[in-house]
Each structure stands twice: as C-alpha cells, then as structure tokens.
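So the structure is just underneath, and the comments pick up after that.
The values are calculated or read from the model by the stated rules, or taken from the named source; none is laboratory data. Every value quoted in this text rests on a predicted model; they were computed, and no experiment measured them. So basically every Cβ, Gly included, is an ideal-geometry build from the backbone, and we count neighbours across all protein chains shown. Areas reflect the complete protein model, heavy atoms only, side chains present, ligands, DNA and RNA absent. Shrake-Rupley method; radii C 1.70, N 1.55, O 1.52, S 1.80 Å.
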Amino acid sequence: MGALLSREALQELDQADALASYKEQFVLPEGVLYLDGNSLGALPVGAAQRAAEVVATEWGQGLIRSWNSAGWFEMPTRLGDKLGQLLGANAGETVVTDTTSLNLFKALASALRIQQVDGPGRRVLITERDNFPTDIYIAEGLADLLNSVGAEHGVSYEVKLIDTEAELRAALGDDTAVVSLSHVNYRTGAMWDMAAITRAAHEAGALIVWDLAHAAGAVPVELNASGADYAVGCTYKYLNGGPGSPAFIWVNAKHQDRFWQPLSGWWSHAQPFEMATNYAPAMDVRRFMCGTQPITSMAMVETGLDVTLSADMGQLRAKSLELTDLFIELVETRCAGFGLELVTPRAHAQRGSHVSFQHPQGYAIMAALIDRGVIGDYREPEVLRFGITPLYLSRTDIWDSVEILREILHTEAWQREEYSVRNAVT
C-alpha cells in the first residue's frame, strides 16, 4: 500500500470486502474497536437467544426429558464433528468437552500410556518455554504424578523446555515420549509448521500434541494431513463460544482404542446408563470425555461455530494476513520513534492472526487504549497484544485503532497514574 495508504483508500477496499457483512452477525458495543478476539471472541447474534431457549424451553419445559428430546446427550460429539471441519479432522475424532487444561492432561496421559508399550524407555516430554503457562504446568504436574507413583520402581519422567525449532530438533531422541506445542504462540503470534514438526517428532519415535487455542478458526489447520496424534483447544477465542465455553479435544482415530485416558468419568463409559461397577471405555472419541456436560454454554458454542463455518477459510485467512500486514505497517510508520518493537513474525507462513509489540510501558499504554475504546490486552513481559479478527474487523477499524495509539503515544496520555494500576486480568 505504501504511499497510497489513506483512510479513504482503505474505506473503498472495505466496501468491496467479501467478508464485510459478517460484522452484522456480532453484537459489538458502539464506540469500541475490539482487537481482543484472540482472547475472548465477540458475542454472536443469536447466542443470547439460544441460551435463553435452553434455559426457558429445554430446561424449563422439557426438564430432564431434554437429554433425549433436545439432543443434549449427543451435543458434545455432534459439535465436535462440526468443529472438526475447521481442523482437517474426520468424523468421530473431535469432541467438545471440559477445558483445554483438562483435555491436555488427557492427551498427554494417553500418549504416555501408548509409549509405555511402544517405547518403554521414552519418558521425556518436550514443550516450548514460551508455551502458554497451563501447557507447561499440566506437563510438569503429570510428570510429577507419574514420578511419585513410580519412584520405587526407578521411573523418572522429565519435562524438557526448548525455545527454537533448532533446539527442538536437537532435543528429539530415543528418550522422547511426547512433544507438546502450541500451533500459534499465545504471546507473539508465531506459528509452527505443523506438518514439518509432526514429521520430525514421528521420525524420532515421539507422539505429538498440538494446542490449537490461538489457531482454530483463525488459520487453516490440517490435523490428519499433517499426521498429528492429538490436539486440544478452546472455543471462546476465534470461535466466539462465550467466556469459559467448553474446550475440545481431537484424537487421531488410530489412537482412540489403544488406551483410555485416566479421567475415566461416567460420560466416557461405553454404556453410561448401565451404571456398571466396572469401567469399560467407549470405543470412539467419547472415551475422552469425563463427567456431565455444561449444556447451556455448549449450546452457545454452536452459534459462534456456525458463523465461522459459513465463512470461506481461504478468504478469512487472506483477510487476516492483509489486516495484520496493515496493522504492522501503520504502527511502524505512524507510531515510529516511540519505542514499539514488533515481536510477531513478518513472514505469513510463520504467524497466526494476532500482532504483538513490546514496549517498557506496555501495560500503561494498553490501559490508555482500552480507556479510549481500543480493546487489546497485555501479556508479560511488556507485550501489547492485538487480535485481528477478520469476521468483524475492517481496514478502517485498523486505521482508527492505530490513530488512537499514535495520539496516546504523542501526548503521553498513558502516563496518567490510573493506567499503572494493575487489574487482576490483563
């Protein structure tokens, strides 16, 4: 765009945008430029009505009958198959259930149990140092649990942290059991080459688990084509499922009947209403569920999911890249000289759909932006994070957001005392 870049020129491009009408499918507050869909997606039109229908009609009138008559019991697998269309999954490989953290525990435990048979000497779990913290905590907690149980038998599991692809490849060896990575990094937006990394893990005899929290609904994902083993992720970011909406787990069909996961609750039983005293796992992806499902929030997931599924992923990804390019260019030209440092990869193949800049006063700057109606978020250390969601953001939204950022930096408005007071959630 370069010298021709102006708000007027961007407005003309917006008018010809094939995805422009999707903004009407979301409830967005007046006067707000929402650049945080990578943390919590916007409210889809119809989600509140769907929740009210579940509460007033399906629960209020149908009562317990709705487990059958309203399809509550099948909802986790039915939604899983829908979501799987965005993941390159086959039918019967995905289930919407529980949280990302719980699903990661299940996936890692299942993978380690397979390795106990296929490679009993493999007891190293590799993950990235800059992974989302829960991914590291869960891996460390699982290793600690296994070590405490197996200490008397000399069992010793280890979590190994790496920073780069070169370090990952060097760390892969005969002792590697599982590699656990986020497809798109939560802090920087950097994206791994899923196919290449999966292939490298398999060549070393390891299994791989992908966290798709910042990828699902934002970038093309091909789990089966890449040969992945497990994947987990949430539905409240780019899939717009609502705060704390249920997560998902994908398990390659070739692994589903080898070992069940350790959280063997009654919903993962082959016949839960037989009320059997002994556990017999379901012979499909249902074995990766645990307990009774949160129906109201799960129903809202479908509203957001249907909006995303109706869009063309190729168009969505193309617009995402265009808007992130635009955001980077505008910040680096119109906000030059104010100390903002890009930490997101510039190469298209290496980034997701959010852009991050580092600044020593990042928290205060973001607080000032939010006060002006430009909502992004902040992540330590010193990172301002901006989610670029193509379904409800336009080119002029990007322009206006950067103009407000420029004004805040130029006037040093961020230095107001209240902007340095930390909120519990940043």
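Structure above, values below:
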{"quantity": "Conditions (1) under 14 Å from the mean Cα position of the chain (by Cα); (2) of a type in the set (Gly, Ala, Ser); (3) modelled with pLDDT under 95: number failed by Ser182", "calculated": "(3)"}
{"quantity": "Which numbered condition Phe73 misses (of (1) open to solvent by less than 40 Å² (accessible area, probe 1.4 Å); (2) out of contact with any Asp or Glu (no Cβ under 7 Å at 6 or more places or on another chain); (3) under 30 Å from Leu309 (Cα atoms))", "calculated": "(1)"}
{"quantity": "Residues of the stretch 225-279 classified as buried (at least 16 other Cβ atoms within 10 Å of the Cβ) and closer than 18 Å to Glu93 by Cβ, total", "calculated": "25"}
{"quantity": "Flag for Gly62 being without any contact (Cβ under 8 Å) to a residue 40 or more places away in the chain, open to solvent by less than 80 Å² (accessible area, probe 1.4 Å) and touching a Ser or Thr at 6+ places or on another chain (Cβ under 8 Å)", "calculated": "yes"}
{"quantity": "Flag for Thr296 being touching a strand residue (DSSP E or B) at 6+ places or on another chain (Cβ under 8 Å), outside any loop (DSSP other than H, G, I, E, B), open to solvent by 10 Å² or more (accessible area, probe 1.4 Å) and among the hydroxyl-bearing types (Ser, Thr, Tyr)", "calculated": "no"}
{"quantity": "Complete set of residues in the stretch 198-223 that are out of contact with any Leu (no Cβ under 7 Å at 6 or more places or on another chain), of a type outside the set (D, E, K, R) and closer than 25 Å to Asp175 by Cα", "calculated": "Thr198, His202, Gly205, Leu207, Ile208"}
{"quantity": "Any pair with Cβ under 6 angstrom, 6 or more apart, that starts in the stretch 102-128 at a residue that is closer than 19 Å to Trp250 by Cα and ends at one that is among the polar types (S, T, N, Q)", "calculated": "Lys106/Gln261; Ala109/Gln261; Ser110/Gln261; Thr127/Ser180"}
{"quantity": "Residues within the stretch 193-218 that are out of contact with any strand residue (DSSP E or B) (no Cβ under 6 Å at 6 or more places or on another chain) and surrounded by fewer than 24 Cβ atoms within 10 Å (Cβ to Cβ), tallied", "calculated": "9"}
{"quantity": "Failed item in (1) in contact with a helix residue (DSSP H, G or I) (Cβ under 7 Å, 6 or more places away or on another chain); (2) under 29 Å from Ala47 (Cβ atoms); (3) outside any loop (DSSP other than H, G, I, E, B); (4) of a type outside the set (Asp, Glu), with Arg287 passing the rest", "calculated": "(2)"}
{"quantity": "Single condition Lys254 does not satisfy, out of (1) without any contact (Cβ under 8 Å) to a residue 12 or more places away in the chain; (2) more than 21 Å from Val117 (Cβ to Cβ); (3) not acidic (Asp, Glu)", "calculated": "(2)"}
{"quantity": "Residue in the stretch 5-16 that is open to solvent by less than 80 Å² (accessible area, probe 1.4 Å), touching a helix residue (DSSP H, G or I) at 6+ places or on another chain (Cβ under 9 Å) and assigned to a loop (DSSP other than H, G, I, E, B) present", "calculated": "yes"}
{"quantity": "Residue identified as open to solvent by 10 Å² or more (accessible area, probe 1.4 Å), among the aliphatic types (A, V, I, L, M) and within 23 Å of the chain's Cα centre (by Cα) among Ala139, Ala107, Ala91", "calculated": "Ala91"}
{"quantity": "Which listed residue, of Ala170, Ala177, is over 20 Å from Lys237 (Cα atoms), crowded, with 16+ Cβ neighbours inside 10 Å and among the aliphatic types (A, V, I, L, M)", "calculated": "Ala177"}
{"quantity": "Residues located in the stretch 300-318, provided they are more than 21 Å from Ala48 (Cβ to Cβ) and open to solvent by less than 10 Å² (accessible area, probe 1.4 Å)", "calculated": "Leu316"}
{"quantity": "Filter result (out of contact with any Gly (no Cβ under 6 Å at 6 or more places or on another chain), assigned to a loop (DSSP other than H, G, I, E, B) and surrounded by fewer than 22 Cβ atoms within 10 Å (Cβ to Cβ)) within the stretch 357-403", "calculated": "Pro360, Gln361, Arg372, Glu380, Pro381, Ser394"}
{"quantity": "Of all residues making up the stretch 41-84, the number that are over 22 Å from Ala282 (Cα atoms) and either out of contact with any strand residue (DSSP E or B) (no Cβ under 9 Å at 6 or more places or on another chain) or part of a helix (DSSP H, G or I) (or both)", "calculated": "23"}
{"quantity": "Elements of type helices (runs of 4 or more DSSP H) contained in the stretch 133-244, each with 1 or more residues being charged (D, E, K, R) and within 19 Å of Ala109 (Cα to Cα)", "calculated": "133-150"}
{"quantity": "Residue within the stretch 284-293 that is within 30 Å of Phe26 (Cα to Cα), among the hydroxyl-bearing types (Ser, Thr, Tyr) and open to solvent by 10 Å² or more (accessible area, probe 1.4 Å) present", "calculated": "yes"}
{"quantity": "First in the stretch 399-426 and on the phi < 0 side of the Ramachandran plot and among the basic types (Lys, Arg), second anywhere and modelled with pLDDT of 95 or more and open to solvent by less than 100 Å² (accessible area, probe 1.4 Å), Cβ under 6 Å, 6 or more apart", "calculated": "Arg406/Arg334; Arg406/Cys335"}
